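First up is the structure itself, then whatever we jot down about it.
Just so it is clear, none of the values below were taken in a lab; they were calculated from the coordinates. Small disclaimer: the values here were computed from a predicted structure and weren't measured. For neighbour counting, all protein chains shown are included, and Cβ atoms are generated from backbone atoms with ideal geometry for every residue, glycine included.
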Amino acid sequence: MRINGLDCLAITKLDILDELDEIKVCVAYQLDEQICREFPNHAGKLASCRPVYKTLPGWKRSTAECRNLEDLPKEALGYLKFLAELMEVPIAIVSVGASRHQTIIVEDPIHGPKRALLDANGIPVSADISEEVS
């Protein structure tokens, strides 16, 4: 992301997370006493880093039949919102299985408007990533 940047995200295999009690997302790295918010650019530093995780609740139910964002469990939607906010780019595609019909197109990744996840009224919704990192 440092050099080229991202326009949008495609989240694949969301269904793989369906049975987890919680989901840990690496949000930083601890190097000695310092917290680094970016991926270390030196192999020696990386070898000494410890990941810092934000723990999100799992949803413990299948997403395989979901065909739009509103069908997803609220915890799955919260996970997606968290990722979009953390990466500072909108999510364009979410897949919940291997079949073509199990792909949720949030927006056209090539020609669609670049927007954050929107609620039913078209208002951007954002995850609260300001909570303490666990």
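Counting only residues that are assigned to a loop (DSSP other than H, G, I, E, B), hydroxyl-bearing (Ser, Thr, Tyr) and surrounded by 14 or more Cβ atoms within 10 Å (Cβ to Cβ), how many does segment 13-63 have? Walk me through how you get there before you give the answer.
To start, the set of residues in segment 13-63 that are assigned to a loop (DSSP other than H, G, I, E, B) comprises 13, 18-21, 32-33, 37-42, 49, 58-63.
When the remaining residues are screened for being hydroxyl-bearing (Ser, Thr, Tyr), the result is 62-63.
Among the residues that remain, those that are also surrounded by 14 or more Cβ atoms within 10 Å (Cβ to Cβ) are: 63.
Of the residues in that region, 1 qualify.
Looking at segment 25-38, can you tell me whether even one residue there is of a type in the set (A, V, I, L, M) and touching a Leu at 6+ places or on another chain (Cβ under 8 Å)? There is at least one residue in segment 25-38 that is of a type in the set (A, V, I, L, M) and touching a Leu at 6+ places or on another chain (Cβ under 8 Å).
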